[in-house]
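Beneath this line is the structure, given in structure tokens, with notes to follow.
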Amino acid sequence: NAGVMQNPRHLVRRRGQEARLRCSPMKGHSHVYWYRQLPEEGLKFMVYLQKENIIDESGMPKERFSAEFPKEGPSILRIQQVVRGDSAAYFCASSPGTEDGYTFGSGTRLTVV
Amino acid sequence: AQSVTQLDSQVPVFEEAPVELRCNYSSSVSVYLFWYVQYPNQGLQLLLKYLSGSTLVESINGFEAEFNKSQTSFHLRKPSVHISDTAEYFCAVSAGFQKLVFGTGTRLLVSP
């Protein structure tokens, strides 16, 4: 049973380009969470999704950021027109929605040049 | 809403010495508490968690944490640290089995 798979591990984008980050949850997990870790800071919650539904997006920036978790396939975090301030590590976690808790992926490190 | 405070951004300690990493939280409802460890350029690994029951929880690698409701604390301790314990440690709270609120982390630096 593979863990939470995130790809790519590293992503470099020029300012103004789009970044697409993928997350495949653990088998049997229907809850997906995205977090952002800025340099020298803790993880900040961005969005919580279940299959085909956004449950809580209170941590998502109002513009340029979107997330989806389709019926088939991985969850996608999309950042349009990236800026230097978007450079960070983006972590995905999945859970079965019970006290078994979260499992984190290894993250995608986005660098905007 | 919940919040977590980790007052120590960095804790230097010598190998085989004891260590305590402090975590205080704020919440208007009952919470679940977690400690995660992050090694350089890696994701977060769950170290231990408090959900209910005994207020003292232990991990398989010698760490323990005690939930203190009156002091709203969940400090992490280890009686004797190893070089391999060098990492960033994050305390987190959750009001349910949904989103986690993290502290800013404590970097544990173990030197010989």
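Restricting to the range A:49-63, name every residue that is part of a loop (DSSP other than H, G, I, E, B) and hydrophobic (A, V, I, L, M, F, W, C). If you could, list the steps in order and put the result at the bottom.
Residues of the range A:49-63 that are part of a loop (DSSP other than H, G, I, E, B), as a first pass: A:51-52, A:57-63.
Of everything in the range A:49-63, just one residue is part of a loop (DSSP other than H, G, I, E, B) and hydrophobic (A, V, I, L, M, F, W, C), namely A:Met60.
So, in the range A:27-56, exactly how many residues are surrounded by fewer than 17 Cβ atoms within 10 Å (Cβ to Cβ) and on the phi < 0 side of the Ramachandran plot?
Of the range A:27-56, the ones surrounded by fewer than 17 Cβ atoms within 10 Å (Cβ to Cβ) are A:27-28, A:30, A:38-41, A:44, A:50-56.
Now narrow it down to the ones that are on the phi < 0 side of the Ramachandran plot: A:27, A:30, A:38-39, A:41, A:44, A:50-51, A:53-56.
Within the range A:27-56, residues that are surrounded by fewer than 17 Cβ atoms within 10 Å (Cβ to Cβ) and on the phi < 0 side of the Ramachandran plot number 12.
Working only within the range B:36-51, note down all residues that are more than 7 Å from chain A (Cβ to nearest Cβ) and either on the phi < 0 side of the Ramachandran plot or touching a Ser or Thr at 6+ places or on another chain (Cβ under 8 Å) (or both).
The first filter runs over the range B:36-51 and keeps only residues more than 7 Å from chain A (Cβ to nearest Cβ), leaving B:36-41, B:45, B:47-48, B:50.
Selection gives B:Tyr36, B:Val37, B:Gln38, B:Tyr39, B:Pro40, B:Gln45, B:Leu47, B:Leu48, B:Tyr50.
Look through B:Glu88, B:Glu15, B:Glu66 and report the one residue that is within 24 Å of A:Ser94 (Cβ to Cβ) and among the acidic types (Asp, Glu). Give the derivation first.
Working: B:Glu15 fails: within 24 Å of A:Ser94 (Cβ to Cβ); B:Glu66 fails: within 24 Å of A:Ser94 (Cβ to Cβ).
Matching residue, one of B:Glu88, B:Glu15, B:Glu66: B:Glu88.
Here is a yes/no grid of residues against (1) among the basic types (Lys, Arg); (2) under 11 Å from the mean Cα position of the chain (by Cα); (3) modelled with pLDDT under 95:
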position: B:Val11; (1), (2), (3): no, no, no
position: B:Val19; (1), (2), (3): no, no, no
position: B:Asn24; (1), (2), (3): no, yes, no
position: B:Tyr39; (1), (2), (3): no, no, yes
position: B:Leu56; (1), (2), (3): no, no, yes
position: B:Asn61; (1), (2), (3): no, no, yes
position: B:Ala65; (1), (2), (3): no, yes, no
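Out of (1) surrounded by 13 or more Cβ atoms within 10 Å (Cβ to Cβ); (2) without any contact (Cβ under 8 Å) to a residue 60 or more places away in the chain; (3) away from chain B (no Cβ under 12 Å); (4) within 25 Å of B:Ser94 (Cα to Cα), what's the single condition that is false for A:Lys62?
Answer for A:Lys62: the failing condition is (1).
Output yes when any residue across the range A:10-26 is within 12 Å of chain B (Cβ to nearest Cβ), farther than 24 Å from A:Val113 by Cβ and either touching a helix residue (DSSP H, G or I) at 6+ places or on another chain (Cβ under 9 Å) or of a type in the set (A, V, I, L, M, F, W, C) (or both), and no when none is. I'd like the intermediate steps shown before the answer.
Going residue by residue through the range A:10-26, those that are within 12 Å of chain B (Cβ to nearest Cβ) are A:10, A:23.
After this cut, where a residue has to be farther than 24 Å from A:Val113 by Cβ as well, the list is none.
No, every residue in the range A:10-26 fails to be within 12 Å of chain B (Cβ to nearest Cβ), farther than 24 Å from A:Val113 by Cβ and either touching a helix residue (DSSP H, G or I) at 6+ places or on another chain (Cβ under 9 Å) or of a type in the set (A, V, I, L, M, F, W, C) (or both).
Residue by residue, here is whether (1) modelled with pLDDT of 95 or more; (2) within 15 Å of the chain's Cα centre (by Cα); (3) over 21 Å from B:Thr104 (Cβ atoms) holds:
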{"site": "A:Glu40", "(1), (2), (3)": "no, no, no"}
{"site": "A:Phe45", "(1), (2), (3)": "no, yes, no"}
{"site": "A:Ser58", "(1), (2), (3)": "no, yes, no"}
{"site": "A:Lys71", "(1), (2), (3)": "no, no, yes"}
{"site": "A:Gln80", "(1), (2), (3)": "yes, yes, yes"}
{"site": "A:Tyr90", "(1), (2), (3)": "yes, yes, no"}
{"site": "A:Thr103", "(1), (2), (3)": "no, yes, yes"}
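Name, by its number, the condition in (1) within 13 Å of chain B (Cβ to nearest Cβ); (2) closer than 20 Å to B:Gly105 by Cα that does not hold for A:Ile54.
Among (1) within 13 Å of chain B (Cβ to nearest Cβ); (2) closer than 20 Å to B:Gly105 by Cα, A:Ile54 violates only (2).
For the range B:29-54, how many residues are in contact (Cβ under 8 Å) with a residue 12 or more places away in the chain, under 23 Å from A:Gly59 (Cα atoms) and not in a strand (DSSP E or B)?
3
The values are calculated or read from the model by the stated rules, or taken from the named source; none is laboratory data. This is a predicted model, so every value here is computed, not measured. Cβ: placed from backbone, ideal geometry, glycine included. Neighbour counts: every protein chain shown.
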